[in-house]
Number of protein chains: 2
Amino acid sequence: MERWASNDLLVGPLISTDLSLDTERSNVRVTYQGSPGTVIEAMVLKAFPNCIAVPHKRSEGALEAVESSLADKAVLTIESSSIGSFHQSYDLLLSHNLQIVQEVQTDVELCLLALPGVQKDDLQTIFSHPQAYVWAPALDFAQCEYSLSNLGVSKKNVDHGAAGAEIISKQNLRDAGVIGSAQSAELYRLNILECNFQDASPNVTRYLVLARTANIPSEYEQYKTSIVFGLEEGPGILHKALVAFWKRDLNLTKIESRPNRGKPMRTLGTEKQFNYIFYVDFEASVAEIPAQNALKELEEIASFLRVLGCYPSTTI
Amino acid sequence: MERWASNDLLVGPLISTDLSLDTERSNVRVTYQGSPGTVIEAMVLKAFPNCIAVPHKRSEGALEAVESSLADKAVLTIESSSIGSFHQSYDLLLSHNLQIVQEVQTDVELCLLALPGVQKDDLQTIFSHPQAYVWAPALDFAQCEYSLSNLGVSKKNVDHGAAGAEIISKQNLRDAGVIGSAQSAELYRLNILECNFQDASPNVTRYLVLARTANIPSEYEQYKTSIVFGLEEGPGILHKALVAFWKRDLNLTKIESRPNRGKPMRTLGTEKQFNYIFYVDFEASVAEIPAQNALKELEEIASFLRVLGCYPSTTI
């Protein structure tokens, strides 16, 4: 395991060979949005034990590094059981030209951390991890809202690029705590005041691993497929789209609708209605005939259709 | 029109009569999450011209004021064509005991504001409107992301309870701008440097108006109905639920899935899967027989079902 400094303009050497399916090689570079010691870094290092984990300030930077071959894989948080879908991630799947090659599901345990010797009663302020992008909510806070209100302290979002744990450690703040992973306690020499500090337990998070090259699925593997499509207006059109899957007993695990950013509204008579695009996950590989037929049927009525990836799902 | 100071513990006199359907009375109190001069206040004053608009720091406070009869209506932002669904609002519909009585759709125009005499080239910093709750993204920033990056200034979220416009005005900041409504320019004596500053135009936002008492719908009125339901696990169960509407030609305008916060995960064999609840809007009144039959059919397979409201939709 190796950590890189936070850097949106990665200056490491170019990799000429595609390592996207080679998770065992020690120099596989996996990008993520966050900073060392965050929950997502812990997940990256657990899922890819021999990787070089490369933090980026923005998710776009993490994805662009893979697109431009500066890194091999990017990890994107897509859904949390306590918060719901991460909509920015859905938009990024569409705006970037990468393939989903793996889904990783893990139970995220958040801890309340402070300097050694500091007790809960000493805490006046709780820092959140930095949020580099306006759309990203203060995730740690949102997941620990109830626990925090019980503690009765003030909450503070820290500036970009400096983790709360780092601030506490460097400035020797004895009246401040931070919510983070057990790994960040180790990294910044903090004590864990409370484990499982999040409100909901289990607190499962789904991550998607993206790479430049798609998996080659076989019909004998248990894969999931993710697609995104648009529909022309018309009565019951979404029903027609979904029936293509249901009538072939293809189980849909997720339907997510987002405004079509290119054309967010449509006019019906004098009425303006929202114009959506749909993200659907189903349990099958595109190597299977029923999945291929469902996609062909959908293509006939869709204004556009893109397969975002066909991938195995792992729980770690 | 009358403005109240921001206050989560509303101390005004109790209203003994229910004014929830009487929008013309000058003392109808309409609560919202935000502060004077924000886009949502402008919408409240446009939709209810004679109301007392009561700002709250948190959406929960705005809803609780109506539940406890301290106010008559609450306005909740539910969806924006440029950003998507406001998930916290969906959770609040479930956790509070209020009825949707109206939907209001409006084209939101955001302006770039600064002190009189200040030019775009003078700007070093842009303030966003205060965001009182960690789940609420810096909406104005998110809607103007592209325009802001063209301007090349630093962005700053201001602290709770003090609008950026107010800070600029009071501190006479000549190198700072703020994104806001034309109303906030008037309120804080700022100049409008640019209109339609948001990235997407039109930038339509849907608001829901909540009250203690449900509308009494008739089958002759064009109403929408919003419901929320849970489903037991089983193959194609969501299909069965939605077919109840489609086979009766009831047009679904929105399907939103959220993790079930009470039980966010379900176990299938050794696998943990996300456990969702579903929010559905359809174009019919519950006074209509097909809608009643669809709801009865859904009730047979749903683990719970609640009608959130039956209401007219207005564009202003």
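Does the stretch B:44-60 hold any residues that are open to solvent by 10 Å² or more (accessible area, probe 1.4 Å) and away from every other protein chain (no Cβ under 14 Å), and which are they? Of everything in the stretch B:44-60, those that are open to solvent by 10 Å² or more (accessible area, probe 1.4 Å) and away from every other protein chain (no Cβ under 14 Å) turn out to be B:L45, B:K46, B:A47, B:P49, B:N50, B:I52. Take the stretch B:155-194 and flag every residue that is at pLDDT 85 or above, closer than 24 Å to B:D107 by Cα and either under 21 Å from the mean Cα position of the chain (by Cα) or of a type in the set (G, A, S) (or both). Matches in the stretch B:155-194: B:G177 only. Does B:I100 satisfy being within 14 Å of the chain's Cα centre (by Cα) and among the β-branched types (V, I, T)? So B:I100 passes the test.
If I filter the stretch B:47-64 for residues that are touching a residue at least 24 places away in the same chain (Cβ under 8 Å), of a type in the set (V, I, T) and not in a loop (DSSP other than H, G, I, E, B), do I get at least one hit?
The answer is yes, given that some residue of the stretch B:47-64 is touching a residue at least 24 places away in the same chain (Cβ under 8 Å), of a type in the set (V, I, T) and not in a loop (DSSP other than H, G, I, E, B).
Residues are listed down the side, and each one gets a yes or a no for (1) closer than 30 Å to B:T315 by Cα; (2) of a type in the set (A, V, I, L, M, F, W, C); (3) under 23 Å from the mean Cα position of the chain (by Cα):
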position	(1), (2), (3)
A:A211	no, yes, yes
A:I227	no, yes, yes
A:A244	no, yes, no
A:D249	no, no, no
A:T267	yes, no, no
A:F274	yes, yes, no
A:E288	no, no, no
A:A291	no, yes, no
A:K296	no, no, no
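Taking (1) modelled with pLDDT under 90; (2) open to solvent by 10 Å² or more (accessible area, probe 1.4 Å); (3) within 14 Å of chain B (Cβ to nearest Cβ) in turn, A:P217 satisfies each apart from (3). The residues on offer are B:T77, B:T23, and the sole one that is hydroxyl-bearing (S, T, Y), open to solvent by less than 60 Å² (accessible area, probe 1.4 Å), at pLDDT below 95 and assigned to a strand (DSSP E or B) is B:T77.
Taking the numbered list (1) open to solvent by 50 Å² or more (accessible area, probe 1.4 Å); (2) at pLDDT below 75; (3) among the small types (G, A, S) in turn, A:G117 passes all entries but (2).
Out of the residues in the stretch A:95-114 that are surrounded by fewer than 17 Cβ atoms within 10 Å (Cβ to Cβ) and under 30 Å from A:A214 (Cα atoms), which is modelled with the lowest pLDDT?
Restricting to residues being surrounded by fewer than 17 Cβ atoms within 10 Å (Cβ to Cβ) and under 30 Å from A:A214 (Cα atoms), the top hit is A:D107.
Are any residues in the stretch A:229-239 within 14 Å of chain B (Cβ to nearest Cβ), buried (at least 17 other Cβ atoms within 10 Å of the Cβ) and touching a residue at least 60 places away in the same chain (Cβ under 8 Å), and if so, which ones? Listed by number, the list holds a single entry, A:L231.
Quick check on the stretch A:242-269: of everything there that is among the small types (G, A, S) and open to solvent by 40 Å² or more (accessible area, probe 1.4 Å), which residue is farthest from A:I289 (Cα to Cα)? It comes out as A:G269.
The values are calculated or read from the model by the stated rules, or taken from the named source; none is laboratory data. These numbers come from a predicted model, not from an experiment. In this analysis, Cβ positions are derived from the backbone assuming ideal geometry, glycine residues included, and neighbour counts consider all displayed protein chains. When the accessible area is computed, the model is the full protein with side chains, heavy atoms only, and any ligands, DNA or RNA have been set aside. Shrake-Rupley method; radii C 1.70, N 1.55, O 1.52, S 1.80 Å.
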